[in-house]
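Take a look at the structure set out below.
Each value in this text was obtained by applying a stated rule to the coordinates, not by laboratory testing. Not measured: the values here are computed from a predicted model. Here the Cβ positions follow ideal geometry from the backbone for every residue, glycine too, while neighbour counts run over all protein chains shown.
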């Protein structure tokens, strides 16, 4: 399974904004996504929710300073990623996460 554009953008922003290496940044992001029940092929909206709700704890666990600032930078990077086309079914994972996020 290929990584999504959202995963790539989030991982690059995490690596650029933190002391984590490329491998550490990608692995930490994968762990946060896994905790959300997602994979690295997740859509932009799903990655955004995992970054907002789960990634700060993962970064704090790893001793990364200013995790909230880093997560805001990742969220900004994700806004530049094209959204995945919505499925007509409102029970799709993207629709569920959008509702959880309040959108």
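What the table below lists for this structure:
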quantity	calculated
With Cα atoms, 0 to 90° folded angle of helix 5-17 axis to the chain main axis	20 degrees
Estimated [θ] at 222 nm from DSSP helical runs (n ≥ 4, -39500 (n - 2.57)) normalised by residues in the chain, nearest 500	-19000 deg cm²/dmol
Convex hull volume per residue in cubic angstrom - Cα atoms of the chain	92 Å³
Mean separation of Cα contacts under 8 Å, 6 or more apart, over the residue count of the range 5-100: relative contact order %	35 percent
Degrees between helix 22-35 axis and first principal axis of the chain (Cα, 0 to 90, nearest 10)	50 degrees
For peptides 3-11, 93-101, 71-79, sequence by mean Cβ density within 10 Å, most packed first	3-11, 71-79, 93-101
Distance between modelled label sites at residue 96 and residue 80, nm, 7 Å Cα→Cβ extension	3.1 nm
